[in-house]
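Enquirer: Here's a structure for you.
The values are calculated or read from the model by the stated rules, or taken from the named source; none is laboratory data. The shown structure was predicted, so the numbers you read here are calculated from the model rather than taken from an experiment. Because the Cβ atoms are built from the backbone with ideal geometry, glycine has one as well, and the counts that use them run over all protein chains shown.
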Amino acid sequence: MCVLGMPLKIHCDACRAVLYEGKYVKSPHEIIVSCEGKCPNCHRKLSHIPKTVEVMPVE
Ligand SMILES: [Zn+2]
């Protein structure tokens, strides 16, 4: 299933801060690099991509 074109949201597991929001699917590595390897809100280290990924349908 192709999810390109759908808004994608990735939250920090610990504090629910939005780490990435956009309509392009990025690789986990890109998201971690863009966050400097940690959550910008709670500074929790991101060793892997957070589990919570929401893909919202386009209305
Ligand atoms: Zn956090």
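Enquirer: Take region 34-58 and flag every residue that is away from the ligand (no atom under 12 Å from the Cβ) and modelled with pLDDT of 80 or more.
Expert: Going through region 34-58, the residues away from the ligand (no atom under 12 Å from the Cβ) turn out to be 34, 36-37, 47-49, 51, 53-58.
Across region 34-58, the qualifying residues are 34, 36, 37.
Enquirer: How many residues are more than 22 Å from residue 57 (Cα to Cα) and modelled with pLDDT of 85 or more when one looks only at region 11-33?
Expert: Of the residues in that region, 2 qualify.
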